[in-house]
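Trainee: First the structure, then my questions, so here it is.
The values are calculated or read from the model by the stated rules, or taken from the named source; none is laboratory data. For clarity, every value in this text was computed on a predicted model and none was experimentally measured. FYI the Cβ positions are ideal-geometry reconstructions off the backbone, even for glycines, and counts take in every protein chain you see.
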Amino acid sequence: MARPARQHGGVSDLGGHIHLVLPDPTERAACFRALAVGGGRIVRSFANADAWLEAEAERESGILLFHWRQPGATSGAALLDRVAGRAGTTIFVAADHLAIEETRAVLRGGARDLLPAPLDPRLVRRAIERSLGDWHLRQDALSRHREAETRLAALTPRERDIVGAIAAGLGNKAIARRLDLSPRTVEVHRANIMRRVQAGSVAELLRLQFTAESAGPAENSVHFGA
């Protein structure tokens with residue numbers, strides 16, 4: 001099995017590993033050089049999807065560019081099925097002369113872009129560098145979403161009901177009537193809520209609630225002709 005080539009540098013604020021799964025060695029080397037120039041990112045290249053899976057590289061979030069025609073046991077379609085829908089991975093597919101059903105598979109799989117093969121390293125660099133900023137924003141949003149969910153998970157069901165009522169704009173008396181509680185009990189619950197989620201203000205509590213309720217980062221979408 002081919003060993004992956006690696007480029008390691010200090011990871012910049014762009015974040016994210018870039019993985020190239022390209023069978024043609026000349027194309028793979030050219031794209032590797034184009035992306036590794038300037039450092040500040042981690043680029044790894046693989047001769048085929050089997051090598052990528054064997055290296056357990058799928059654990060690393062970031063950018064994945066692979067050729068639709070893959071030698072070995074794992075096809076491009078199988079690789080796309082495996083990584084489709086992962087919030088931490090932005091997918092690029094390189095292909096030439098795709099059949100209609102194959103194009104549909106790429107669309108359904110959520111690839112960000114379909115790049116024409118043979119690959120132009122300059123086009124690859126432009127497409128991936130544009131996506132790195134978006135990737136970083138999605139990771140920040142996902143991190144905030146998970147943090148909010150974790151902090152709110154410390155609340156009891158009754159406390160979650162009260163947070164929902166606060167988010168709806170209700171005061172203590174209205175919350176007490178809605179939940180058949182005394183205003184004093186609502187006050188005690190509110191104090192416990194603020195302590196449990198470590199919120200310094202009602203505004204911060206509401207930010208946590210709205211962030212946890214959000215749908216999270218948008219999934220990949222296909223943009224032909226980057």
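Results for (1) free of Cβ contacts under 8 Å to residues at least 40 places away in the same chain; (2) under 22 Å from Gly110 (Cα atoms); (3) assigned by TED's automatic domain parsing to the domain that holds Asp81, shown as yes or no for each residue.
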{"position": "Asp24", "(1), (2), (3)": "no, no, yes"}
{"position": "Ala29", "(1), (2), (3)": "yes, no, yes"}
{"position": "Phe32", "(1), (2), (3)": "yes, no, yes"}
{"position": "Gly40", "(1), (2), (3)": "yes, no, yes"}
{"position": "Phe46", "(1), (2), (3)": "no, yes, yes"}
{"position": "Asp50", "(1), (2), (3)": "no, yes, yes"}
{"position": "Glu54", "(1), (2), (3)": "no, no, yes"}
{"position": "Ser61", "(1), (2), (3)": "no, yes, yes"}
{"position": "Leu65", "(1), (2), (3)": "no, yes, yes"}
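Trainee: Now, a different point. Just a yes or no: is a residue in the range 125-132 modelled with pLDDT under 90 and part of a loop (DSSP other than H, G, I, E, B)?
Mentor: Checking the range 125-132: not a single residue is modelled with pLDDT under 90 and part of a loop (DSSP other than H, G, I, E, B).
Trainee: Pull up the range 48-99, narrow it to residues that are assigned to a helix (DSSP H, G or I) and closer than 22 Å to Arg130 by Cα, then point me to the one that is modelled with the highest pLDDT.
Mentor: Leu80
Trainee: I need the full set of residues from the range 24-40 which are exposed (fewer than 13 other Cβ atoms within 10 Å of the Cβ) and part of a helix (DSSP H, G or I), in order please.
Mentor: Pro25, Thr26
Trainee: When residues of the range 103-120 are filtered for being crowded, with 16+ Cβ neighbours inside 10 Å and in a helix (DSSP H, G or I), how many remain?
Mentor: Final tally of qualifying residues: 4.
Trainee: In the range 80-110, which residues are within 15 Å of Arg69 (Cβ to Cβ) and hydroxyl-bearing (Ser, Thr, Tyr)?
Mentor: Selection gives Thr103 alone.
Trainee: What number goes with the only condition from (1) modelled with pLDDT under 95; (2) outside the structural domain of Gly85 (by TED's automatic domain parsing); (3) surrounded by fewer than 16 Cβ atoms within 10 Å (Cβ to Cβ) that Ile166 does not pass?
Mentor: Status for Ile166: all satisfied but (3).
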